[in-house]
1. Given the conditions (1) within 13 Å of GLU146 (Cβ to Cβ); (2) away from ligand 1 (no atom under 13 Å from the Cβ); (3) surrounded by 20 or more Cβ atoms within 10 Å (Cβ to Cβ); (4) not β-branched (Val, Ile, Thr), and given that ALA112 satisfies all but one, which numbered condition is not satisfied?
2. Those residues that are away from ligand 2 (no atom under 16 Å from the Cβ), closer than 20 Å to LYS158 by Cβ, free of Cβ contacts under 8 Å to residues at least 24 places away in the same chain and part of a helix (DSSP H, G or I), I need them from the stretch 60-106; list them, please.
3. Which numbered condition in (1) farther than 11 Å from ASN48 by Cβ; (2) in contact (Cβ under 8 Å) with a residue 24 or more places away in the chain; (3) of a type in the set (D, E, K, R) is the only one that ASP118 fails?
4. Consider the stretch 52-65. How many of its residues are farther than 16 Å from LEU110 by Cβ and surrounded by 14 or more Cβ atoms within 10 Å (Cβ to Cβ)?
5. Going by what's in this entry, would ILE28 be described as under 29 Å from THR91 (Cβ atoms), away from ligand 1 (no atom under 12 Å from the Cβ) and either in contact with a Lys or Arg (Cβ under 7 Å, 6 or more places away or on another chain) or at pLDDT 95 or above (or both)?
Amino acid sequence: MRFPRKKGLRERAIVGVVTRMVDNKKVINELNAALSMEIAAIVQYSHNSYTIMGPWRGALTGELESFAKDEMSHMEYVSEKIVALGGVPSTQPAAINTPATWRAMLEADLAAENAAIDRYKTIIALADELGDVDLKKSIEDITSQEYGHKEALEKFLKEPM
Ligand SMILES: [Fe+2]
Ligand SMILES: [Fe+2]
């Protein structure tokens, strides 16, 4: 006498484990790409805060330094989550762009924020698909902070009326 139902359940469980491993790998890869962007953002904002010159230096140094600290907290969450999912956090920064003028610096920062927001939107969709409530909520909170950075940079770059 065979027990096909039991065997079926076991097979389903194995398929489930394999599927989760594949899904985890996908999330880990996405998170590592985001992590590289966070590492680059910490360096880029810190560097900007030291080197920015011009009439807005006084206003911008503190702001850029505080953005670097926000990016550090994003780096911490993303790294911890990669480890929780069984991955190894990357130590590779994405491209770091440090042009000479204050306007070019802020434009480079804005481009990096937009790229980070796009990356996080992909991760939010993936987290939703996987039902990982912590990942979804935490990445939404991080993305909301990236929007804050993006909007502040856009205001700094806007010509006065
Ligand atoms: Fe960030
Ligand atoms: Fe940011």
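The values are calculated or read from the model by the stated rules, or taken from the named source; none is laboratory data. Computed from a predicted structure; not experimentally measured. Cβ: placed from backbone, ideal geometry, glycine included. Neighbour counts: every protein chain shown.
1. (2)
2. Of everything in the stretch 60-106, those that are away from ligand 2 (no atom under 16 Å from the Cβ), closer than 20 Å to LYS158 by Cβ, free of Cβ contacts under 8 Å to residues at least 24 places away in the same chain and part of a helix (DSSP H, G or I) turn out to be THR61, ALA104.
3. Against the list (1) farther than 11 Å from ASN48 by Cβ; (2) in contact (Cβ under 8 Å) with a residue 24 or more places away in the chain; (3) of a type in the set (D, E, K, R), ASP118 comes up short only on (2).
4. Keep residues of the stretch 52-65 that are farther than 16 Å from LEU110 by Cβ, which gives 53-55, 57-59, 61-62, 65.
Still in the list and also surrounded by 14 or more Cβ atoms within 10 Å (Cβ to Cβ): 61, 65.
The qualifying residues number 2.
5. Details: under 29 Å from THR91 (Cβ atoms): yes; away from ligand 1 (no atom under 12 Å from the Cβ): yes; either in contact with a Lys or Arg (Cβ under 7 Å, 6 or more places away or on another chain) or at pLDDT 95 or above (or both): yes.
So ILE28 passes the test.
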